[in-house]
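Read through the structure below, which is laid out as structure tokens, and then see the notes.
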Amino acid sequence: MSVVAAARLQTAPLGPMLARQAYAEFMKLLRVPAFSVTSIVLPSMFYAFIGLGNAREPLFKGSDVAFGQYFLASMALYGVANVMVLGFGISLANERGQKQDLLMKSTPLPAPVYFIAKALSALVIAFISIVVLSLFASIAGGVTLTTAQWLTLGVRAMLCSIPFIGLGFGLGYLAGPNSAPAVTNLIYLPTAFASGLFFPLQLLPQFIRDIAPYLPLYRAAHLVWNAVGLPEDDISADWLYMAGYTVAFFLLALWAYRRDQGKKFN
Amino acid sequence: MSDPAVELVHVTKRYGDVVAVDDVSLAIQSGELVAMLGPNGAGKTSSINVMLGLRKPTSGSARLFGLDPKDLKARSRIGVMLQESGVPGMLRVEEIVALFCSYYPRPLPAAQAIAMAGLEEKAKTLVKDLSGGQHQRLYLALALCGDPEVLFLDEPTVGMDVEGRRRFLQEIADLGARGRTVVLTTHYLEEADQLARRVIVIDRGHVIADSTPAEIKSRVAGKRITFTTPQAAQDGQFAGLPLNSIQVEDHRVRLLTNDPEEVLRELFRRGVEVRDLEVAGADLEEAFLAMTRHEVSA
């Protein structure tokens, strides 16, 4: 008996577990149209309302970047960060509200597998939203970018979504299931606006222009705008800021998670 | 000798000022079918949660197979049905069962776990569209899918209809017959009696009995006599009667006894005027009251 027992696997292999969990998380997100449709379609819709009309106009006098290119980069970022903040924030808050965490906690599923699966599924949805937006902007808006610019934009938008995984995660553990949609939107929409994602900062009031440099979305925006050719003096500071926000938001998430677990399982 | 499947060693669990579990020690060996019985709020769920590592005991310790209950090696050998836990509503039954199968080193085929829970016809249904009883059966499928050595069931039949409950209890009895360890909590005496070969009675955080169902039943098998009497209750009116408890509210009298015939004979002999007489099996709540009283006076 003991020899047989020793020869047996004591825990399940993590690879298949992660694959199954990621698939399940993806289906959970996809089957909530309020989330999946808005995440995938909303950036393109904003593009249709705001970007299409003057897609070919220069961003400002003498600029060789068109408004359409600026707005494509902005909406790509808006879309991916939206998936992270809302997808993580609201879905985690809901799952906690329904005590799904209690059931998961009683299984041998390691918590990191669960969170990595969630992040992977959100990254896939974010990627789909970029693809849909890019197709829309290039077909309907006639936006042209070089292959290198397309790739740089895609890679940077995806990279910039990473700190927002931490933020969404933290909000998901801090907000209640009923308040989560309101709280996340209340934080996300105004900061997107104040970061110059909808209108260039030059057109916004001075006090917003004073705040903007400290907002994570503004720093991320610099990186994606730069990808489509908007000249920036130096983006290395923006990369540093993003690294800092990543660390800060993941620490926030970890703190919020521990706080929640301590309340429930102590 | 191998480690017990489940062990609590001097476990006390407090929530603020409330003592949910008070210095409980018990061991459950492999292959045992154990019912933890007690009224609501007695500490059954708290005890289970400590056994599972879902709650940290205030003092004392819990072990599963000699391991920390939080150890994934221990968790891989158990299946759990919890009271009031949620499942993702937007997955299909077969998807979530297959997902849970992937958590365990030697899972059952998903289809088998679904069949054991009697959910074959609902395999493609979204979880959110299941009825209350079907939800319970889904939890059973999820608890079974890792082919567990020990199955923990916390109030498993709540919300099931009669037929569902019968099938469910049969399924648990079969598992027990195949040598699986089952720990279930219930506040239904019949359920414990039907399934378990060992019953642990918990009241106010204490183990007040740990024995065979037959033994426990003989201790709680009282009858309840209720009637109204127009006379004001007098001191000594019920003196000398073989009663376990007396409750008088205005003109309503509730007596708990193991010998209802003798009590009634004596009441009539004493000329107590009795109206709206009812004699019924004591419900568990009252039986526990009687048992705890008995324990205190013993």
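The values are calculated or read from the model by the stated rules, or taken from the named source; none is laboratory data. Everything numeric in this text was worked out from a predicted model, so none of it was measured. Positions of Cβ are backbone-derived with ideal geometry, glycine not excepted, and every protein chain shown enters the neighbour counts.
Just a few scattered comments:
- Checked against the criterion of being surrounded by fewer than 24 Cβ atoms within 10 Å (Cβ to Cβ) and away from chain B (no Cβ under 14 Å), the range A:94-115 contains one or more residues that satisfy it.
- Members of the range A:82-105 found to be in a helix (DSSP H, G or I) and touching a Gly at 6+ places or on another chain (Cβ under 6 Å), listed by number: A:MET84, A:VAL85, A:PHE88, A:GLY89, A:LEU92, A:ALA93, A:GLN100
- Members of the range B:141-166 found to be surrounded by fewer than 18 Cβ atoms within 10 Å (Cβ to Cβ), under 18 Å from the mean Cα position of the chain (by Cα) and in contact (Cβ under 8 Å) with a residue 24 or more places away in the chain, listed by number: B:VAL158, B:GLY159, B:ASP161
- Residue within the range B:146-155 that is at positive phi and either at pLDDT 85 or above or within 14 Å of chain A (Cβ to nearest Cβ) (or both) present: yes
- Evaluation of B:MET51 against (1) crowded, with 21+ Cβ neighbours inside 10 Å; (2) facing chain A (nearest Cβ under 8 Å); (3) among the hydrophobic types (A, V, I, L, M, F, W, C) (one fails), failing number: (2)
- Residue in the range B:65-77 that is away from every other protein chain (no Cβ under 14 Å), part of a loop (DSSP other than H, G, I, E, B) and surrounded by fewer than 20 Cβ atoms within 10 Å (Cβ to Cβ) present: no
- Residue in the range A:210-266 that is surrounded by the fewest Cβ atoms within 10 Å (Cβ to Cβ), counting only those that are among the small types (Gly, Ala, Ser) and more than 20 Å from A:VAL85 (Cβ to Cβ): A:SER236
- Restricting A:PRO16, A:PRO58 to those that are surrounded by fewer than 16 Cβ atoms within 10 Å (Cβ to Cβ), within 30 Å of B:ALA74 (Cβ to Cβ) and more than 19 Å from the chain's Cα centre (by Cα) reduces the list to A:PRO16.
- Matching residues in the range B:79-122 - criterion: being outside any loop (DSSP other than H, G, I, E, B), among the aliphatic types (A, V, I, L, M), more than 8 Å from chain A (Cβ to nearest Cβ) and crowded, with 21+ Cβ neighbours inside 10 Å: B:MET81, B:VAL93, B:VAL97, B:ALA110, B:ALA113, B:ILE114
- Residues of the range B:158-186 satisfying the condition of being out of contact with any strand residue (DSSP E or B) (no Cβ under 7 Å at 6 or more places or on another chain), more than 14 Å from chain A (Cβ to nearest Cβ) and farther than 18 Å from B:ALA115 by Cα: B:VAL158, B:GLY159, B:ASP161, B:VAL162, B:ALA177
- Test: residue in the range A:211-231 that is among the polar types (S, T, N, Q) and over 15 Å from A:TYR70 (Cβ atoms): no
- Breaking point among (1) touching a Pro at 6+ places or on another chain (Cβ under 7 Å); (2) without any contact (Cβ under 8 Å) to a residue 12 or more places away in the chain; (3) more than 8 Å from every other protein chain (Cβ to nearest Cβ), for A:PRO33: (1)
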